[in-house]
Amino acid sequence: MKHTLSVLVEDEAGVLSRISGLFARRGFNIESLAVGPAEQSGVSRITMVVPGDDRIIEQLTKQLYKLINVLKVQDITETPCVERELMLLKVNATSSNRSEIVELSQIFRARVVDVAEDSLTLEVVGDPGKMVAIVQVLQKFGLREIARTGKIVLTRESGVNTELLKSLEAKV
C-alpha cells in the first residue's frame, strides 16, 4: 500500500539529504517527493508518497522523529485531504489532430502553455488520478515528455472525505 506522509522540518541545509538518506539506508523508495515553505517562517513541509505496510510506516515515522530538524510527522493516507499535483506534458500534434488534442485537454481543464509546429505543451493541475487519466487519453497521439511535481497535500479541516462521497454517488 502507498502511504502519504506529511513532514514538517526546520528549514535548514541538509535536512532533505538526511531524510532521503534515512530511506536509502533502509532500502525504501520514495515514489513522490514535494518540498516547500510551510505556513510558519523557517519551517518547510515535505510531502512523500512511500510504499509499505502500516508496520513499516510506523518504523519510518519513529526514525524520522529521531532526526534533528524534524518537527512533526503525519501519515495522512486515511485522513480526508486535498491532493494536487502539477504536470507539464508535451504531446505530438499535427495540423490534423491539434484541435482534437485541445478539445480533450479542455475536458481535463488543462491549459496549452506552448504551441510548436509539431507539438503542444499542456499544463495540468489536479489530483493524481486526473494525471493518470489525461496521460492515458493523450497516449495515442504520442507523448514526447512528461514532468510531474509530485503530490502535495493538506488535510481537510472540514473533515469531508471527497473520495468517500464519490464512491457513494457511484452506487446511487
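The values are calculated or read from the model by the stated rules, or taken from the named source; none is laboratory data. It should be emphasised that the depicted structure is a prediction, and the values quoted were computed from it without experimental measurement. Neighbour counts are summed over all protein chains in view; Cβ atoms, including those assigned to glycine, are modelled from backbone coordinates with ideal geometry.
Set side by side, the residues VAL135, VAL113 differ, and just one is at pLDDT 95 or above and part of a helix (DSSP H, G or I), which is VAL135.
The set of residues from the range 85-101 being surrounded by fewer than 17 Cβ atoms within 10 Å (Cβ to Cβ) and within 24 Å of the chain's Cα centre (by Cα) comprises LEU86, LEU88.
Residues in the range 5-18 that are of a type in the set (A, V, I, L, M) and modelled with pLDDT of 95 or more: LEU5, VAL7, LEU8, VAL9. Of the residues that sit in the range 128-149 and are without any contact (Cβ under 8 Å) to a residue 60 or more places away in the chain and charged (D, E, K, R), which one is surrounded by the fewest Cβ atoms within 10 Å (Cβ to Cβ)? Filtering first and then ranking leaves GLU145. Any idea which of GLY27, GLY42 is in contact (Cβ under 8 Å) with a residue 24 or more places away in the chain, at positive phi and surrounded by fewer than 15 Cβ atoms within 10 Å (Cβ to Cβ)? When all the criteria are applied, what remains is GLY42. Applying the criterion of being within 11 Å of VAL91 (Cα to Cα) and more than 21 Å from the chain's Cα centre (by Cα) to the residues of the range 102-116, the residue that is surrounded by the most Cβ atoms within 10 Å (Cβ to Cβ) is VAL102. Looking at the structure I just gave you, is VAL125 part of a helix (DSSP H, G or I), at pLDDT 95 or above and surrounded by 15 or more Cβ atoms within 10 Å (Cβ to Cβ)? It is false that VAL125 is part of a helix (DSSP H, G or I), at pLDDT 95 or above and surrounded by 15 or more Cβ atoms within 10 Å (Cβ to Cβ).
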